[in-house]
Every structure is written in structure tokens, then in C-alpha cells.
1. Could you please find all residues in the stretch 126-138 being surrounded by fewer than 12 Cβ atoms within 10 Å (Cβ to Cβ), in a loop (DSSP other than H, G, I, E, B) and either among the aliphatic types (A, V, I, L, M) or in contact (Cβ under 8 Å) with a residue 12 or more places away in the chain (or both)?
2. Pairs only if they're at least six apart or on different chains, beta carbon under 9 angstrom, first in the stretch 94-105 and without any contact (Cβ under 8 Å) to a residue 60 or more places away in the chain and in the same structural domain as LYS83 (by TED's automatic domain parsing), second among the hydrophobic types (A, V, I, L, M, F, W, C) and outside any helix (DSSP H, G or I); list them, first residue then second.
3. Mind checking which residues of the stretch 131-159 are touching a strand residue (DSSP E or B) at 6+ places or on another chain (Cβ under 6 Å) and under 30 Å from THR71 (Cα atoms)?
4. If we scan the stretch 85-100, do we find a residue that is over 30 Å from PRO167 (Cβ atoms), modelled with pLDDT of 95 or more and of a type in the set (Val, Ile, Thr)?
5. Starting from residues that are among the hydroxyl-bearing types (Ser, Thr, Tyr) and farther than 18 Å from PHE169 by Cβ, keep the ones in the stretch 45-93 and report whichever is surrounded by the most Cβ atoms within 10 Å (Cβ to Cβ).
6. If ARG74 satisfies every condition in (1) without any contact (Cβ under 8 Å) to a residue 60 or more places away in the chain; (2) of a type in the set (D, E, K, R); (3) part of a helix (DSSP H, G or I) but one, which is the exception?
7. Filter the stretch 149-187 for residues that are hydroxyl-bearing (Ser, Thr, Tyr) and within 30 Å of VAL119 (Cβ to Cβ); which is surrounded by the most Cβ atoms within 10 Å (Cβ to Cβ)?
Amino acid sequence: MGRVSTAFRAFFGSLFNGDTATRVSQALSSKGLPALMPLDEPVAPEPKPVELKKPEPKKPTQSEAITLLATLQREARLIDFLKEDLSGYADEQVGAAVRAIQRDSAKVLDRFFALQPVVSDEEGAKISVPAGFDAARYRLTGKVTGNAPFAGTLQHHGWEATKCELPQFTGSDSAAKTVAPAEVEVG
């Protein structure tokens, strides 16, 4: 038993039982009980203290959506472009900016997701949608009646990710929602 429990037992045992009070007094005065004097109950060895492992501190996390936005901003300036008021610019100026943003954004998407068409046929081609098709892979429009297979014209080939490899966030908790840091020129 623990020392605190033993102390309470000795205190209350001495308070209400004269024999226990005598034995506690002897133990305190002679630094231990005589070997031939048995206790009422066997004394269990004192448990060894359990060493608790300190939990590892939680690593800061960032939403994968914010990681993607931050990368598109850093590498393609996409958010700057989308949030900019373009009414004061000529179409030629906007078009020139869009080329670089489109190219750099496509590189980010390719690196993270390796996007491929869901259907490899060219848009406008006649295709067949099989029976038991996955509604997440095919969206049927127009006059849809009856049961699959369906025949139709491919309006958009769709996109699917062949991988999803976003970089690990290494920042602090306070930066977890930061898409782009404020830039300050000093000097």
C-alpha cells in the first residue's frame, strides 16, 4: 500500500484500538516492528512508481485546402489575380497575365494530382455509358430516359486525380490558416 494509505490506517487504528496504538508506538520508537510481532493484515510491498511518458507535443496542422491555395498563390499568384479588380485593364493586359497564371497553376495541379481525363475520347465524340456506371464518373444531361447503357455525345471528358501528394505543413499553429504571408519591405 502507499505511504499515505498506511499513515491513515495507523492514525485511525491507533485512535480506535489500543493494541494497534501500542504497536505503532513501538514501531516509531524502535525503527521497525520486532520480527515476532505479527500485524493484523499482511503488508503488501509498496508499488513501484509508474513512469509516465510525456506525450509528444501535437504538431501544427494545416488544412489540405489551404495548402493547395497557398501553393497556387505562391507559384502562380492565382489569388492575387482572382481578387484583383480588372475593370481598369485592357483585355490584352488581362490575357497576357492569364497565360502565366494558367501555365503555373497547371504545373501545381500536375505535381500534386497528376490529373487525367475520365474519358479519353475527344469532346464531341459519340460514346456509350455502360450499365452499372458510377454516377460520380459520368453526369448524364439532356433527355435521360430508360436504363443504361446510354449513348450520347461527350460534352466534357471530366478529370480524375491519379495521385494526391500535398506537401506537409511545417509552420506554426498561428500560421495554419495563412494562405500567403504579408510582404514588408524594410529599409
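1. Passing the criteria: PRO130, ALA131, GLY132, ALA135, ALA136, ARG137.
2. The qualifying pairs are VAL94/LEU86; ALA97/LEU86.
3. TYR138, TRP159
4. Checked against the condition, which is being over 30 Å from PRO167 (Cβ atoms), modelled with pLDDT of 95 or more and of a type in the set (Val, Ile, Thr), the stretch 85-100 yields no hits at all.
5. As a first pass, look at the stretch 45-93 and keep what is among the hydroxyl-bearing types (Ser, Thr, Tyr): 61, 63, 67, 71, 87, 89.
Adding the requirement that they be farther than 18 Å from PHE169 by Cβ leaves 87, 89.
On the way: SER87: 5, TYR89: 13.
Among those that are among the hydroxyl-bearing types (Ser, Thr, Tyr) and farther than 18 Å from PHE169 by Cβ, it is TYR89.
6. Result: ARG74 passes all but (1).
7. Within the stretch 149-187, the first condition is being hydroxyl-bearing (Ser, Thr, Tyr), and the residues that meet it are 153, 162, 170, 172, 174, 178.
Imposing the further condition that a residue be within 30 Å of VAL119 (Cβ to Cβ) reduces the set to 153, 162.
On the way: THR153: 10, THR162: 8.
Looking at residues that are hydroxyl-bearing (Ser, Thr, Tyr) and within 30 Å of VAL119 (Cβ to Cβ), I get THR153.
The values are calculated or read from the model by the stated rules, or taken from the named source; none is laboratory data. Here the structure is a predicted model, which is why all the values come from computation and not from measurement. No Cβ is skipped: glycine too gets one built from the backbone with ideal geometry, and neighbour counts run over all protein chains shown.
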